[in-house]
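Some notes on the structure that comes next.
The values are calculated or read from the model by the stated rules, or taken from the named source; none is laboratory data. Every value quoted in this text rests on a predicted model; they were computed, and no experiment measured them. Here Cβ is always computed from backbone atoms with ideal geometry, including for glycine, and neighbour counts include all displayed protein chains. Ligands, DNA and RNA are stripped out before the accessible areas are found, and what is left, the full protein with its side chains, is counted by its heavy atoms. Shrake-Rupley method; radii C 1.70, N 1.55, O 1.52, S 1.80 Å.
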Amino acid sequence: MSPGEKRAVADLTSSRQIDVTVRHAPDDIDIVAFGLNTERKIADDRYTILFSNERSPEGAISYRRAAGATVISVDLDRVPASVDRISLVASHDTMALKQARELSVDFAGVATITPLATLSDEKAVMLLDLYRHNGAWRLGVVVQGFTGGLANLIRHLGGEVAEAPAAAPSAAAPPPVSLSKVDLRKQKVGVSLKKLGIEHEKAEVLFVIDATGSMSRLYSSGTVQETVERIVPVSLRLDDDGIMPTWFYASGCARTEDLTAKNYEGYIPRTLPGPMKAVSGVQKHSCASIDRRGEVTIGGVNNEIVILNALLDDEPAKRTTPLLVIFLTDGGFAPSKDIARIITNAAHRPIFWQFVGIGNNNFGMLRNLDTLPGRVVDNAGFFAVTDLAKISDEELYDRLLSEFPAWLKAARAKGILPAR
């Protein structure tokens with residue numbers, strides 16, 4: 001079917017239970033079904049169906065993931081009269097959908113929609129509408145895009161986009177479905193935490209970013225900035241204060257301004273320390289150098305010992321809240337024996353080190369963290385990906401948090417953390 005084409009559902013299928021399958025690559029394209037009123041506006045957030053709200057109250061509209069696809073199921077006979085139209089939308093936080101490797105819609109196995117050829121720089125697109133007309137359901141192919149992304153589309157539908165966590169709703173009202181970029185990812189973190197059985201856990205989160213010369217391509221391509229935007233929601237979901245302390249390191253290190261939901265956009269170009277470059281929010285530590293122009297410099301080669309010791313020196317004398325350190329690097333980590341000693345000696349402290357390797361480099365001793373001898377608990381994890389942009393938010397959060405629950409349990413058993 002082509003954009004603008006409309007057909008009676010009864011002419012396409014006799015079934016009243018419809019599966020709409022959207023095949024998409026990359027996986028982190030978000031598929032949302034909006035239940036709209038007669039004015040084509042969002043009237044009830046419970047009928048905004050997506051990964052964090054997988055079912056309407058009576059089950060008429062539901063969401064599920066399949067291999068390389070998202071399936072929206074609609075039971076036409078159960079859709080309440082207040083929902084006059086169901087609009088199916090695809091969106092991506094940063095990528096124009098024209099760049100998708102795949103984006104196609106299968107309607108109940110009887111009709112296909114392939115919108116890619118008609119797209120340009122839109123980050124969100126209304127794919128199709130299921131709507132009532134003279135007492136019968138019809139299918140309309142829309143393919144209307146929004147360059148401003150999902151936020152602009154939601155406003156077009158009369159919805160509000162939360163830019164920060166809202167106050168708790170009253171008990172009488174259902175909680176709103178928050179659709180800001182940060183909150184969508186924060187909800188994805190919540191899904192991962194729930195799968196791991198630690199959805200009620202609280203922890204502080206600290207972010208360390210490799211700023212050595214070998215990382216320059218990842219900085220210039222925007223990969224590091226995009227990674228920052230994907231990591232911030234981990235802290236927002238785990239830590240009530242909404243603040244994530246952030247450090248850069250090379251041969252030296254510097255703690256820059258804390259990451260929050262309000263300052264993550266443009267964070268890397270604004271704060272990355274470097275020669276001949278003034279940066280904002282730098283806190284002076286012994287591992288950072290100040291040149292004769294008063295600018296912060298941290299060199300360009302790896303010295304993980306300096307940053308590890310600086311983090312431990314900066315820790316409070318007594319900590320009762322778990323600390324999750326997320327450490328992004330493209331390799332190095334030598335001398336390995338000294339680094340292993342630091343991590344081993346820190347095992348009695350309430351700190352879990354999650355190392356994330358990016359690229360094809362040799363990560364050396366990081367690959368052997370799980371087998372380091374002599375630790376009271378296993379206090380470190382590691383995984384590597386060739387290209388972070390090619391893994392979905394869901395996979396990223398699952399891998400970031402996968403070893404955290406076992407450490408929490410072991411740390412409490414050993415008295416490193418207070419018992420719950």
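With Cα atoms as the point set, the stretch 356-420 shows a radius of gyration and Dmax of 14.2, 41 Å.
A simple spin-label model places pseudo-atoms 7 Å from Cα toward Cβ; at Arg132 and His200 they are separated by 4.1 nm. Per-atom-type breakdown for the chain gives carbon and sulfur 49% of the accessible area (1.4 Å probe, protein chains only). Taking only the C-alpha atoms of the stretch 85-126, the Rg (one decimal) and the largest Cα-Cα distance, Dmax (whole number), read 10.9, 32 Å. Spin-label model, Ala413 to Asn360: label points 7 Å out along the Cα-to-beta-carbon direction sit 4.1 nm apart. Taken over the alpha carbons of the chain as equal point scatterers, the Debye sum produces base-10 log I(q)/I(0) values at 0.09 Å⁻¹ of -0.63. Mean-square fluctuations from a GNM of the chain, with a 10 angstrom spring cutoff on Cα atoms, peak among Val232, Val125, Val306 at Val306. P(r) tail, the stretch 1-103: Cα-Cα pairs separated by more than 19 Å, 47% of all pairs.
Can you give the helix-only mean residue ellipticity at 222 nm for the chain, where every DSSP H stretch with n ≥ 4 adds -39500 (n - 2.57) and the sum goes over all residues, rounded to the nearest 500 deg cm²/dmol?
-6000 deg cm²/dmol
State the three equivalent ellipsoid semi-axes of the stretch 1-57, derived from the C-alpha gyration tensor as the square roots of 5 times its eigenvalues, in descending order and whole Å.
Computed over the stretch 1-57, the values are 22, 18, 13 Å.
Solvent exposure of the chain, expressed per residue, is 43 Å² of accessible area, with all protein chains present and a 1.4 angstrom probe. For the stretch 368-415, the set of trypsin sites (Lys or Arg not before Pro) satisfying both a DSSP loop assignment and a count of at most 13 other C-beta atoms within 10 Å is given as Lys414.
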